[in-house]
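One structure is given below, encoded as structure tokens.
The values are calculated or read from the model by the stated rules, or taken from the named source; none is laboratory data. Note that the coordinates shown come from a computational prediction; the quantities given were computed from them, not determined experimentally. In this analysis, Cβ positions are derived from the backbone assuming ideal geometry, glycine residues included, and neighbour counts consider all displayed protein chains.
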Ligand code: P53
């Protein structure tokens, strides 16, 4: 068998996030997070975000897949697949239940000591996201979320406590999950989960966009301060950003479409521009000025942004989109507008996400050309409904096909295009609660978990066909797909 061309120390593994699988939402002193007040939705109905936990509603993240009590068994299954790395997040509310306490919660810290120890027993490297849609609800109610500058200190304190505690057990870190989701500033769910921005009353679109830029700016400053703090605690840390990388293609070769697609991509990439290069891009300075947003951006902040740039770019890749220039809207991107159009060349998943393996090679090449940094695929995968056969087996050839094609495109980017890629961590390696819809039925895992959308099930774990396939892929370092 020929070698794949991937480096020998390539980090194969999988990814999850605390709020989507841990459960135990109020155990051992954990506080309530934004994820604890989100109900179940569907492919077409968004999740509802309630002000507080209401007794007559079902909140799927409260139970997750009860990883909090099953993690030993689950990490063992991952080690059976040959995982070299496992990405999860540290639930902010386990460490600081309200977010603004003086002292951290020891029981929360202890849980992650045990989890990371278990990972290392199996030779699995933890890859840790600090903020993955898990803002303490109290910080949203009391301070209004990330449009308040005070959030910077709360976050940096949380990050620093984690860096100190886990300085010998975690090497790979990321600051904010999919910070660029906020491109869609008119999406209630994304603004609440990323930045804790919740609108009780209707406000204008430009108010929402202004809030988004302000919240993002504070997050970027907090991210840079966290990088600086982490490097002081352990200079060997590798600290990355984390984006939802989603290229927007021009729908045609018409120059207006090409320029518009370029501008839409700029509008998604400015977070990375700052996290990697440490400066605001030229177009954005003009844009904020033209819109008259008068954001609170100080000279000190700009200095911090320069000093706290990241070591690598972590990103999720699921799909691409296509855009068409609309002369009534001009070249400015309008969130959730008709500027996004159907791409006739691509099929979609049952949840309407386009399937575009070549787009992953495009993404790896694009990010390398633009940033010249190591890249880390920390999410990719297919959300699909699985069926259990009478004999208990689960055949998921659709998942294997999706992953095979993406891995193959990824190998081409490394082998032929010289991309410096650290690893591949497919999303939801064990079935968990969907972030976007709250469903259990939107499954990504190699490991099946018996639990339905209403919270019924035994929580038993079962290996799908894809489990054995991925084990072979890891064993051959991608040579046998
Ligand atoms: P789900 C969309 C909506 C919400 C979160 O998503 C998302 C995305 C991706 O474009 O981002 C990531 O569960 C996220 C994970 C999430 C995963 O995509 O809606 O980092 O938390 O579970 C998949 O199918």
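Per the listing 334, 279, 310, the residue uniquely more than 16 Å from the ligand (Cβ to nearest atom), touching a strand residue (DSSP E or B) at 6+ places or on another chain (Cβ under 6 Å) and part of a loop (DSSP other than H, G, I, E, B) is 310.
Here is a yes/no grid of residues against (1) under 19 Å from the mean Cα position of the chain (by Cα); (2) outside any loop (DSSP other than H, G, I, E, B); (3) under 27 Å from residue 388 (Cβ atoms); (4) near the ligand (Cβ under 9 Å from one of its atoms):
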position: 402; (1), (2), (3), (4): no, yes, yes, no
position: 405; (1), (2), (3), (4): no, yes, yes, no
position: 409; (1), (2), (3), (4): no, yes, no, no
position: 416; (1), (2), (3), (4): no, yes, no, no
position: 423; (1), (2), (3), (4): yes, yes, no, no
position: 435; (1), (2), (3), (4): yes, no, yes, yes
position: 440; (1), (2), (3), (4): yes, no, yes, no
position: 448; (1), (2), (3), (4): no, yes, yes, no
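Each residue in segment 319-350 was checked for being at pLDDT 95 or above, under 24 Å from the mean Cα position of the chain (by Cα) and over 20 Å from residue 185 (Cα atoms), and 4 of them qualify. Note on segment 106-197: enclosed helices (runs of 4 or more DSSP H) holding 2 or more residues that are closer than 28 Å to residue 246 by Cα and either touching a helix residue (DSSP H, G or I) at 6+ places or on another chain (Cβ under 7 Å) or away from the ligand (no atom under 16 Å from the Cβ) (or both) are 150-165, 188-195. Going by what's in this entry, would residue 395 be described as more than 14 Å from the ligand (Cβ to nearest atom), at pLDDT 95 or above and more than 19 Å from the chain's Cα centre (by Cα)? Yes: the conditions hold for residue 395. With the condition kept exactly as written, say whether any residue in segment 116-138 is on the phi > 0 side of the Ramachandran plot and surrounded by 24 or more Cβ atoms within 10 Å (Cβ to Cβ). Yes, some residue in segment 116-138 is on the phi > 0 side of the Ramachandran plot and surrounded by 24 or more Cβ atoms within 10 Å (Cβ to Cβ).
Within segment 52-70, the set of residues being over 23 Å from residue 155 (Cβ atoms), surrounded by fewer than 16 Cβ atoms within 10 Å (Cβ to Cβ) and touching a residue at least 12 places away in the same chain (Cβ under 8 Å) comprises 53, 57, 58, 69. No other residue among 43, 18 is surrounded by 22 or more Cβ atoms within 10 Å (Cβ to Cβ), within 13 Å of the ligand (Cβ to nearest atom) and more than 20 Å from residue 470 (Cβ to Cβ) apart from 18. In the set (1) free of Cβ contacts under 8 Å to residues at least 40 places away in the same chain; (2) in contact with a helix residue (DSSP H, G or I) (Cβ under 8 Å, 6 or more places away or on another chain); (3) part of a loop (DSSP other than H, G, I, E, B), the condition left unmet by residue 266 is number (3).
Name the single residue, out of those in segment 376-391 being part of a loop (DSSP other than H, G, I, E, B) and either at pLDDT below 95 or within 16 Å of the ligand (Cβ to nearest atom) (or both), that is surrounded by the fewest Cβ atoms within 10 Å (Cβ to Cβ). So the residue we want is 385.
Being modelled with pLDDT under 95 and part of a loop (DSSP other than H, G, I, E, B) is a property that does not hold for residue 373.
Just for segment 33-44: of the residues that are touching a residue at least 60 places away in the same chain (Cβ under 8 Å) and outside any helix (DSSP H, G or I), which one is farthest from residue 138 (Cα to Cα)? Here the answer is 43. Here segment 451-479 is the region considered, the condition is being over 26 Å from residue 84 (Cα atoms) and surrounded by fewer than 22 Cβ atoms within 10 Å (Cβ to Cβ), and the residue that is nearest to the ligand (Cβ to nearest atom) is 453.
Here is a yes/no grid of residues against (1) crowded, with 16+ Cβ neighbours inside 10 Å; (2) in contact (Cβ under 8 Å) with a residue 60 or more places away in the chain:
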{"residue": "336", "(1), (2)": "no, yes"}
{"residue": "343", "(1), (2)": "yes, yes"}
{"residue": "350", "(1), (2)": "no, yes"}
{"residue": "354", "(1), (2)": "yes, no"}
{"residue": "371", "(1), (2)": "yes, yes"}
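May I ask you to say which residue of 190, 197, 220, 225 is surrounded by 21 or more Cβ atoms within 10 Å (Cβ to Cβ) and free of Cβ contacts under 8 Å to residues at least 24 places away in the same chain? Every option except 190 fails the conditions. Pairing residues of segment 403-420 that are without any contact (Cβ under 8 Å) to a residue 60 or more places away in the chain with residues that are in a helix (DSSP H, G or I) and surrounded by fewer than 16 Cβ atoms within 10 Å (Cβ to Cβ), at Cβ distances under 6 Å and at least 6 apart in sequence or on separate chains, gives 409/358. The set of residues from segment 313-331 being in a loop (DSSP other than H, G, I, E, B), in contact with a strand residue (DSSP E or B) (Cβ under 7 Å, 6 or more places away or on another chain) and more than 16 Å from the ligand (Cβ to nearest atom) comprises just one member, 324.
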